[in-house]
Structures are given as structure tokens and as C-alpha cells.
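The values are calculated or read from the model by the stated rules, or taken from the named source; none is laboratory data. Here the structure is a predicted model, which means the values were calculated and not measured. Don't worry about glycine lacking a Cβ; one is built from the backbone with ideal geometry, like all the others, and counts go over all protein chains shown. Areas reflect the complete protein model, heavy atoms only, side chains present, ligands, DNA and RNA absent. Shrake-Rupley method; radii C 1.70, N 1.55, O 1.52, S 1.80 Å.
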Amino acid sequence: MTRGPSDFRSDTVTKPTAAMRRAMAEAAVGDDVFGEDPTVAELEQETARLFHREASLFVPTGCMGNQIAARLHARPGEEAVVEAAAHMFDWELAGLAALSGIQVRPLASARGGLDPDLVRATLRPAGGFRPRCGLLLLENTHNFHGGAVVPVEHLARLHAVARERGARVHLDGARLWNAAVASGTPLPAYGAVADSLMVCLSKGLGAPVGSMLVGDAAFVAQAREARKLLGGGMRQVGVLAAAGLVALRTMRGRLADDHARARRLARAVAAVPRASLPTGDPDTNIVIVRVEGVDAARVSAALKARGVLALPAGADRVRFVTHLDVDDEDVARASAAFPDAVADAARA
Ligand code: TLP
């Protein structure tokens, strides 16, 4: 059999496993808008328990989970502090402004972890001219800092600063599972450093669809209404929650393999002339490569011609993500293709 392309564009490209497809076919379902889907209820309870929080809500996408949280934590005309390369700010269109009237105050950081003193100075009450800034948006792992793990101790300091200033905290944990595995952090420790958090089932864990918004019971009840408002109330959605349960129960342990492959790929690509790792060695499953003086879109096109897919992530940056559906052979193929792809792109 000929091998298809080696797809490193994202860990969202994975196909559901045989066990997931079986669970989907056999799932007990009901109308979840009436609160009658037993498989969704099981997934929501199990996720909440993992983080030692009261409740959670199944949402179709990570974006929807993040946007619902922000909308519940801040009123129109208020500000949210966010890391300057955060997904919620940079990759969710202008969702915070368009959907919830929230003004964003981006702050730069070295590896995704904001400076607590700067955050303290930025979170402030409304004052005549100045908007109230009462929401802190965190991300872990930090996607565009190369999947960097922000240590839970650092998140705890930021949470304490937010408390001190009367502000709320939401954690975008699309890849929090990766952070937990890479750093050995127990999940309840993350549950303790934010008012709400969002985790994705559809990234490293390989489920076809779905994310979970986690928080206290009153917050999740409000989130259920906001989900309906945004058009995310789903009916016999236990067929998707069933795949999510398989993901949650069986797929977390294997993430360390993805991390090892990312490190191997990073070493290979960083040795290529013009290439470097602007976000350092990968902590988890994301490798961001800078290609000096070369157009990243051209590098991507040249890789594609060699059967390797990677995402241009800025003018001179290419992103590779390892996941369930890439193996050692795919890593070897990408490592071999990269030098020629950069050379081709530099000539073009
Ligand atoms: N990220 C996608 C793209 O949107 C860039 C990817 O391929 O990495 N938070 C973070 C940190 C994310 O990386 C993503 C998806 C989301 C939220 C949104 O999740 P979905 O795609 O389920 O809405």
C-alpha cells in the first residue's frame, strides 16, 4: 500500500479510532437540549470529576467553549488581559469583540507565561476614563509559543493576582492534557487555578469532535444557556460524546509518544541551514521552525510536493504538530524532506 501524505498540520486531523467508532455506533442517546442524553451526562460528570470541579459542559468546539466563558466572565465594554499570541486573541477571529463586546489588552511574554507584576498593574477597576479590566485569559499548553508548558505554579501565581484584583480567570486548555503529561501535573491542580477551563477532546486525544467547559455548577448552568444562544444546543449528541469518553479514558497516556516524536523532529529540522527553533525545544507536541529569509508558505508548498503537510504559521515560521496518526516513519520522512524543501523555497 502506498503511504498517504504525512500530515503534521495539526493534531485536529486525526481520524476516530476503531474503539471510538464502535462506541459511537453503540452509544445510548437522547435529546441533550432536554437534558436527556445519558452519554453526554456521563462525559460531563466524568470530566468535572477529573478536575475536582462541580460540573462541565460538552461544546462542539474549543472556540465556542472559550467564547462562552469570556462572555460570562466579562460585560460588554470591559477589558480582558490576554497573552499576545494567545489563540483566544489571535486565532478566534475577533470573537471577543464581535460576540461579547470585550476589549482585549494583549501583553507579550517569553514562553506563554505572563509576568504577574504586569498583570497586577493591568487588572484595574473602572475609573472615569479607563475601562474596567476584570478578566484574565490564560492558555496552556501555549500553542504559538511552540506548545510550551506554563508551569502550574506560575498559573497559580497569576490566579492569586487575579483574586487580589477581584478579576476572573479562564484557562484555554485545548492541550492541557499534553501539559499534564509533560510536566507530571495532576489535573485537579489545574482545576484549582481558574474560575473556568476549556479542554479539547478533538486535539491530541483524537476524538472527531468536541470540547469541555469546566467550572462550578452555577457557571455551567449559565454556560448551557449561552451555548444555546450561540446555536450550540445539540440533540442526540451522545454519538459524539461516546467517542469523547473513549478519548478521555484511553488516549491520555500515549501523548508522551507524540512529545518524543516532536523532540526528534525538532532536532532534525533545527540542524538545517537557515532554520531555527524560535520557541526553543518543544515541551510537548508542537514544533515551530523559523526559516530565515524564506517564505514559510513556499516551504510548506515544497514540503507538500514531497508528501509532508505542515502549516505556515507566520511569514517565516512553519508549524509541525505530532499526533496519533503520525508515526516514526512520518517523522523520518519529514526530517528528510525539510532540508530540500527549504533549499527549494529559498531558490524560488
Ligand atoms: N487550534 C487550531 C487552529 O485554530 C490554530 C490548531 O490547529 O492548533 N485554543 C487553542 C489553544 C487551540 O489551539 C485551538 C485550535 C482552539 C482553542 C480552538 O479549538 P477548535 O478548533 O475546536 O475551535
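Considering every Cα-Cα pair within the range 18-250, what fraction, in whole percent, is farther apart than 22 Å?
Working: 13205 of 27028 pairs.
Of all Cα-Cα distances in the range 18-250, 49 percent exceed 22 Å.
If each of Ser276 and Asp325 carries a label point 7 Å out from its Cα toward its Cβ, how far apart are those two points in nm?
For Ser276 paired with Asp325, the spin-label model returns 3.5 nm.
For Asp258, Asp327, Asp340, what's the largest-to-smallest order of accessible area, 1.4 Å probe? Intermediate values should be presented prior to the final figure.
Working: Asp258 0, Asp327 60, Asp340 80 Å².
The ordering from most to least exposed comes out as Asp340, Asp327, Asp258.
Could you list which residues have their amide H under 5 Å from that of Gly147, counting only those 5 or more apart in sequence or on another chain, with H placed in the peptide plane?
Close amide H contacts, sequence-distant or interchain: His142.
Just the number, please: carbon plus sulfur as a percent of the accessible area of the chain, 1.4 Å probe, no ligands or DNA/RNA counted.
Exposed carbon and sulfur together represent 53 percent of the surface.
Stokes-Einstein diffusion coefficient for the range 116-258 at 37 °C in a medium of 0.692 mPa s, Rh from the Kirkwood formula over Cα pairs: what value in µm²/s?
198
Apply the Karplus curve 6.51 cos²θ - 1.76 cosθ + 1.60, θ = phi - 60°, to the phi angles in the range 320-336 and return the couplings in whole Hz, x for Gly and Pro.
Whole-Hz 3J(HN,Hα) from phi for the range 320-336: 10, 10, 8, 6, 3, 9, 10, 10, 4, 5, 5, 5, 5, 5, 5, 4, 6.
Mind jotting down the distance between the C-alpha centroids of the range 318-348 and the range 21-91, whole Å?
Rounded to whole Å, the Cα centres lie 34 Å apart.
Where only protein heavy atoms count, and the probe is 1.4 Å, what is the accessible area per residue for the chain in Å²? Walk me through the numbers on the way to the answer.
On the way: 14280 Å² over 348 residues.
With all protein chains present, the chain gives 41 Å² per residue.
With a 10 Å cut-off between alpha carbons and a GNM built on the chain, which of Ala86, Ala108, Ala148 moves the most?
Ala108
Amide H of Leu107 versus every other amide H placed in the peptide plane: which residues, excluding those fewer than 5 positions away on the same chain, fall under 5 Å?
Val82, Glu83, Ala84
Ranked from highest to lowest mean number of other Cβ atoms within 10 Å per residue, what is the order of the peptides 55-66, 308-319?
55-66, 308-319
Give the residue from Val193, Gln45, Gly30 lying farthest towards the positive end of the charge dipole for the range 18-250; charges sit on Cβ (+1 for Lys and Arg, -1 for Asp and Glu) and the dipole is referred to the Cα centre.
Val193
Straight-line reach from Lys228: which lysines fall under 30 Å, measuring Cα to Cα and dropping same-chain residues less than 8 apart?
Lys15, Lys203
Taking the Cα centre as origin and putting +1 on Lys and Arg beta-carbons and -1 on Asp and Glu beta-carbons, what dipole magnitude results for the chain, to the nearest 20 debye?
The calculated dipole for the chain is roughly 500 debye.
Treat every Asp and Glu Cβ in the range 254-347 as -1 and every Lys and Arg Cβ as +1, leave all other atoms uncharged, and give the resulting dipole magnitude about the Cα centre to the nearest 20 debye.
It comes to approximately 240 debye.
Which residues' amide hydrogens lie under 5 Å from the amide hydrogen of Arg254, considering only partners 5 or more residues apart or on another chain, with H built in the peptide plane?
Counting only residues 5 or more places away or on other chains, the set is empty.
Taking θ as phi - 60°, what are the ³J(HN,Hα) couplings along the range 276-285 by the Karplus curve (6.51, -1.76, 1.60), each to the nearest whole Hz, with x for Gly and Pro?
For the range 276-285, the Karplus-derived couplings read 8, 10, x, 9, x, 5, x, 7, 9, 10 Hz, x marking Gly and Pro.
At a Förster distance of 25 Å, what's the computed FRET efficiency of Glu292 paired with Trp91, Cβ-Cβ distance as r, to 0.05? Intermediate values should be presented prior to the final figure.
Details: r = 24 Å, r/R0 = 0.97.
So, using R0 = 25 Å, E works out to roughly 0.55.
Under the Karplus relation 6.51 cos²θ - 1.76 cosθ + 1.60, θ = phi - 60°, what is the ordered set of whole-Hz ³J(HN,Hα) values for the range 246-261, x standing for Gly and Pro?
After applying 6.51 cos²θ - 1.76 cosθ + 1.60, I find 4, 4, 4, 7, 10, 10, 6, x, 7, 4, 4, 5, 4, 5, 5, 5 Hz.
Please report the relative contact order for the chain, taking Cα pairs under 8 Å with a sequence separation of at least 6, and give it as a percent rounded to a whole number.
Contact order relative to length: 24 percent.
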